[in-house]
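Note sheet for the following structure.
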Amino acid sequence: MTANPSIPAINRRRFLDRTLAAASGILILPSARTAFAYAANERLRLAVVGMAGYGAYHGFAEAIHSYGNVAYAVSCDVDLRKVRRVYDFWEQRAAEWGKSDRLEQRTAAAEYYGPLAAQKPPLYADFRRMLDEAADQFDAVVVATPDHTHANIAAAALRAGKPVFAEKPLTISAHEARALHQLAKECQLPTQMNNGGTASPGFRRGVEIIREGRLGEVHEVHIFFSRGGRNFSMPPQGTQEVPKELNWDLWLAQIRWRDYHPEWINRIAWRETSLGELGNFGPHSANMAFMALNVKDLWQTAAGAAGNGRIRVRAECSESNQLSYPRWERIRWEIPARAKLPPVTFTWHHGHPPDYALGSRKLFEEMLRDHDAADRELTDLLPYAGCLILGSNGLLATNSHNTSVTLLPKQRFENVEQNRPLTLPASPGHYKEWIEACRGGPLPFSNFEYAAPFAELLTVGSLATRFPGETIEFDPTSGQITNHPRAAEFLSYEYRTGYTI
């Protein structure tokens, strides 16, 4: 096996100083000038880590002109192929929009894409070096890297005094979620996880409908996704030459060293680097239910206190796979009462089309027919991903990103507004909501104090698929598994030297 390369010698002393300080609970703020101090007419400078990741590319590389005096100031990526994709886009857009008949496009080309194409922002491969050397050149950080590095980079940025927008899944382990939750509470900086449906009018109205009690008491939530686990039975075989554009050591970041093989970069295949499809779509499809039913309240007890509100988790799978993810899985979280809300069971159903988990589609069809859905409506009510929320007075069906709401039986809810929020604030858009928070605006809906407990719930569900058929009891107040020592070993994993959460 190839030796584990060390972190670069340059600035090693300063980085280790920061790591030690983080371990002792001290926050290091390289610059006192944070985005909180900015007025709406001052330029907000962004550092983007993972330039071609979904949120970074679609949210910022191709939309930077839409936020009003926001600069794409610093770039960071371990793969120059991804960097070139962004550079090529800027050059193409500058050329095309510069000749547009539309004034707003010509203005955007002149003020944003032309300058970005002509003079690229400073580029780093290592986010640690970027934070160490260039902290005074940016005010906030966007994280859209491979899944296993989201928490690590977000934590480092918060410790540097920078607001953070991070892709989902927020973390790949319960320990990372808990650490990021605590750090977010300490820093009190604007944060947002990228589950963009949260900003939609339909999502916010759905949350209101559930909280208004329109469905009655909610005891069942079914989240579904139809794609299927990769179920690889062995790791990639052999070694291949690392592409000259890729810094493989930095791509691995904190996870254990292994020789390069392109199959390791499959972002939802491996347990060591992902939560599988649960991490991919759980943050979208389970979002409305998690928020509306106040599941986060189970984490509200003082940190470290032992509570009685334990969550029981049990998985059923097509097979047990310790390396990859099973072809299909059904995960149940039995969630205890929260204040006046009764206990509720969340169930994740995932597998290969046309079913979700084995037998789940038939179950859902019967459930919908029981609430007067016609057979011709079933296809629309059961897309590739979504959620069914069952109450004593009716059923709410929502789509993959929870952006729409259908209430059943329809006749019972025909006079209920279902498309726009009545009490919750309308969002300017998921990305812009965070930008405005960086300027002193309202707290984003998917801030880390909400998103980290949500992430922790998902990580424990993923962990349960290592032990199908066995019940795991998880205490959200202490972050401990109380009945299953083998499962508890997977709440965290060892970081390589040079990285910390």
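Here is what passes the span test in the chain: the DSSP H helices with alpha carbon length of 18 Å or more along the helix axis and a Kyte-Doolittle mean of -0.5 or above are 448-464. The count of lysine pairs in the chain that are at least 8 places apart or cross chains, and whose C-alpha atoms lie under 23 Å apart, stands at 15. The listed residues Thr459, Thr379, Thr482 rank as Thr379, Thr482, Thr459 when sorted by accessible area, largest first, using a 1.4 Å probe.
With a Förster radius of 30 Å applied to the C-beta separation of Val416 and Glu62, the computed FRET efficiency comes to 0.20.
Computed from the Cβ-Cβ distance with R0 of 51 Å, the FRET efficiency linking Thr345 to Arg84 stands at 0.60. For the range 157-204 and the range 421-456, write down the distance between their C-alpha centroids in whole Å. Cα centroid to Cα centroid, the span is 10 Å. Modelled spin labels at Asp259 and Asp380, positioned 7 Å past Cα toward Cβ, are 5.6 nm from each other.
Split the accessible area of the chain by element, probe 1.4 Å, and carbon with sulfur accounts for 50%. Whose amide H sits under 5 Å from the amide H of Ala140, counting only residues 5 or more places off or on another chain, with H placed in the peptide plane? So Ala140 has HN proximity to Arg45, Ala47. Full extension of the chain between Glu104 and Ser478 gives 129.4 nm of extra length, using 0.36 nm per residue less the Cα-Cα distance. Given a 1.4 Å probe and the protein chains as shown, Cys317 ends up with an accessible area of around 20 Å².
Considering helices alone, the calculated mean residue ellipticity of the chain at 222 nm is -8500 deg cm²/dmol, with DSSP H runs of length four and up weighted by -39500 (n - 2.57) and normalised per residue. Peptides 434-440, 332-338 ranked from most to least packed give 434-440, 332-338, packing being the mean of other C-beta atoms within 10 angstrom over each peptide's residues. Between Ala488 and Glu319, full extension at 0.36 nm per residue minus the direct alpha carbon distance yields a gain of 58.8 nm. In the context of the full set of protein chains, the chain has a per residue accessible area of 41 Å² (1.4 Å probe). For Ile501, the accessible area of its heavy atoms, probed at 1.4 Å with every protein chain present, is near 30 square angstrom. What percent antiparallel are the DSSP beta bridges of the chain, to the nearest 5? Bridges in the chain are about 60 percent antiparallel. Gain on full extension, evaluated as 0.36 nm per residue between Asn294 and Asp372 minus their Cα-Cα distance, stands at 25.2 nm. Applying 1/(1 + (r/R0)^6) with r as the Cβ-Cβ distance of Gln240 and Leu363 and R0 = 45 angstrom yields a FRET efficiency of 0.55.
The values are calculated or read from the model by the stated rules, or taken from the named source; none is laboratory data. Everything numeric here is computed off the predicted structure, so don't read it as measured data. Don't worry about glycine lacking a Cβ; one is built from the backbone with ideal geometry, like all the others, and counts go over all protein chains shown. Just so you know, the surface numbers come from the protein's heavy atoms only, side chains and all, with ligands and any DNA or RNA stripped out. Shrake-Rupley method; radii C 1.70, N 1.55, O 1.52, S 1.80 Å.
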